[in-house]
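A quick write-up on the structure given underneath.
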Amino acid sequence: MRKPMLAGNWKMNKTRDEAIEFTLATTKNLPCECKVDCVVCAPAIILRDLVKRAEGTNLHIGAQNMCEFESGAYTGEISPVMLKDTQVEYVILGHSERRAYYNETNEHINAKVKKALEFELKPIICVGEVLEEREANKTNEVLKTQTVAALEGVEITNPEDVIVAYEPVWAIGTGKSASAQIAEEACGYIRSVIAELYSKELADKVRILYGGSVKPANIKEYMAQPNVDGGLVGGAALKADSFVELCQACAE
Ligand code: PGA
């Protein structure tokens with residue numbers, strides 16, 4: 001059985017004080033680690049503070065991006081060495097906002113996935129179609145291309161430590177969530193692509209999350225789907241009470 005995961009993606013939100021307030025309000029109320037992995041992916045500048053405050057709780061900390069190089073002349077970038085040094089566990093890679101606004105390609109994302117695993121950081125790899133692709137019936141084609149490219153030449157030793165998030169771009173931050181059926185179909189399809197690349201046995205251990213306007217009111221519909229193992233949540237993960245509610249729904 002795959003352990004559910006609820007990962008919050010704070011994007012470019014929260015100061016250090018706000019983040020600390022969030023940890024104080026959430027850590028004591030999160031469900032048991034045995035039932036769900038609760039993760040917050042925060043801006044790089046506050047990661048160290050969060051890691052310290054989350055120690056010994058079921059709040060796990062992740063970054064939102066990472067450079068594919070270890071060091072050097074890459075102004076403004078954060079390397080896997082630096083992330084490892086802050087003791088974060090997870091890193092979101094290939095989020096659609098990175099792909100769209102910062103020109104991240106499948107090749108960049110593939111290089112980042114390899115580096116993350118080399119440094120024992122657990123990647124949360126985002127894939128998903130834009131509206132025009134869905135309307136042109138190209139969803140599966142896009143999901144296959146992005147998944148295959150992200151995992152090209154990637155050796156997976158611990159399938160539990162590689163997470164894929166299906167995030168239809170048209171559902172992100174729009175309030176227009178995908179139906180549970182759409183999420184299930186896409187997550188099931190991604191799992192079949194992973195099975196083709198590796199094996200069914202491995203694919204059955206990889207967690208696949210749904211992301212795109214997930215909130216306490218709809219999380220249970222997604223969690224009822226056999227191929228949806230949790231959520232990657234933006235807006236609704238910013239408030240402590242709704243983050244706790246989302247995590248509890250994943251633990252049921
Ligand atoms: P949203 O964002 O929950 O605000 O739609 C999801 C994401 O971008 O990961």
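The rows are residues; the columns are (1) buried (at least 22 other Cβ atoms within 10 Å of the Cβ); (2) closer than 17 Å to C41 by Cα; (3) not β-branched (V, I, T).
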{"site": "E221", "(1), (2), (3)": "no, no, yes"}
{"site": "A224", "(1), (2), (3)": "no, no, yes"}
{"site": "V233", "(1), (2), (3)": "yes, yes, no"}
{"site": "L238", "(1), (2), (3)": "no, yes, yes"}
{"site": "S242", "(1), (2), (3)": "no, yes, yes"}
{"site": "Q248", "(1), (2), (3)": "no, no, yes"}
- request: Exactly one condition in (1) in contact (Cβ under 8 Å) with a residue 24 or more places away in the chain; (2) of a type outside the set (V, I, T); (3) under 20 Å from P4 (Cα atoms) is not met by K176; state its number.
  value: (3)
message: Out of everything in region 168-179 that is under 18 Å from E135 (Cβ atoms) and open to solvent by 10 Å² or more (accessible area, probe 1.4 Å), what residue ends up being nearest to the ligand (Cβ to nearest atom)?
response: I172
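Can you tell me how many residues within region 195-219 are away from the ligand (no atom under 16 Å from the Cβ) and not aromatic (F, W, Y)?
Qualifying residue count for the region: 11.
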field: Lone qualifier among I190, I182 - being in a helix (DSSP H, G or I), open to solvent by 20 Å² or more (accessible area, probe 1.4 Å) and within 16 Å of the ligand (Cβ to nearest atom)
entry: I182
field: Qualifying strands (runs of 3 or more DSSP E) (wholly inside region 56-148; at least 2 residues being closer than 26 Å to C38 by Cβ and of a type in the set (D, E, K, R))
entry: none
- prompt: Going by the conditions given, is A236 within 15 Å of the ligand (Cβ to nearest atom) and part of a helix (DSSP H, G or I)?
  reply: yes
Residue under evaluation E252, criteria (1) within 27 Å of A25 (Cβ to Cβ); (2) within 16 Å of the ligand (Cβ to nearest atom); (3) over 14 Å from the mean Cα position of the chain (by Cα), criterion not met: (2)
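The values are calculated or read from the model by the stated rules, or taken from the named source; none is laboratory data. Everything numeric here is computed off the predicted structure, so don't read it as measured data. Backbone-built Cβ (ideal geometry, glycine too); neighbour counts: all protein chains shown. All accessible areas refer to the heavy atoms of the entire protein, side chains included, with ligands and DNA or RNA removed. Shrake-Rupley method; radii C 1.70, N 1.55, O 1.52, S 1.80 Å.
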